[in-house]
Amino acid sequence: MNALIALPIRFENAWCLRKSVQRSRLAVDFLPNTRALVTDKTNAIVIGDRDNVATTMVELQPGNVGRFLRSGKMTEIPIVEVIPRYHKFALCAIGKDALVFKYGEAIGRALSPIRQGSHVHTHNLVSPGADNL
């Protein structure tokens with residue numbers, strides 16, 4: 001399976017995200033203190049202060065709102081295209097060649113301009129490696 005996988009896993013009152021880090025290998029990234037970021041009113045999660053994408057916990061449709069906590073404040077971003085469950089959407093406009101941050105780390109570079117509320121995935125994001133960053 002070559003697709004990226006991101007699954008939330010409940011583990012002793014903590015949230016974990018499993019994501020592929022290479023095509024042939026899966027890793028579990030333990031994200032401490034993230035449980036407080038998930039409430040009955042949120043449908044997405046943002047970890048780092050400099051993140052410019054959020055990971056959605058449900059499929060979102062155009063016209064929906066992505067809701068997440070940032071610095072203890074509920075934030076809402078209007079969604080402009082279908083965002084599959086556990087995929088990323090842009091928190092702000094991201095320019096071509098700009099770095100994309102998730103969990104406070106650069107995860108890639110935008111291949112084209114990305115509108116706020118748009119799906120961020122392999123069609124508009126190049127991941128690190130082979131001099132991509």
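Worth a mention:
- In this calculation the C-beta distance from S112 to D40 is compared with R0 = 30 Å, giving a FRET efficiency of 0.25.
- Computed packing ranks the peptides 56-62, 42-48 as 42-48, 56-62, most packed first, by mean other Cβ atoms within 10 Å.
- Rh by Kirkwood over Cα pairs, then Stokes-Einstein D for the stretch 39-126 at 0.890 mPa s and 25 °C, µm²/s: 195
- Computed from point charges on the beta carbon alone (+1 for Lys and Arg, -1 for Asp and Glu), the dipole magnitude for the stretch 52-128 about its Cα centre is near 120 Debye.
- Global geometry of the stretch 81-133, whether rounded, prolate or oblate, following the gyration tensor of its Cα atoms and the 1.5 cut on a/c: prolate
Each value in this text was obtained by applying a stated rule to the coordinates, not by laboratory testing. Everything numeric in this text was worked out from a predicted model, so none of it was measured. For neighbour counting, all protein chains shown are included, and Cβ atoms are generated from backbone atoms with ideal geometry for every residue, glycine included.
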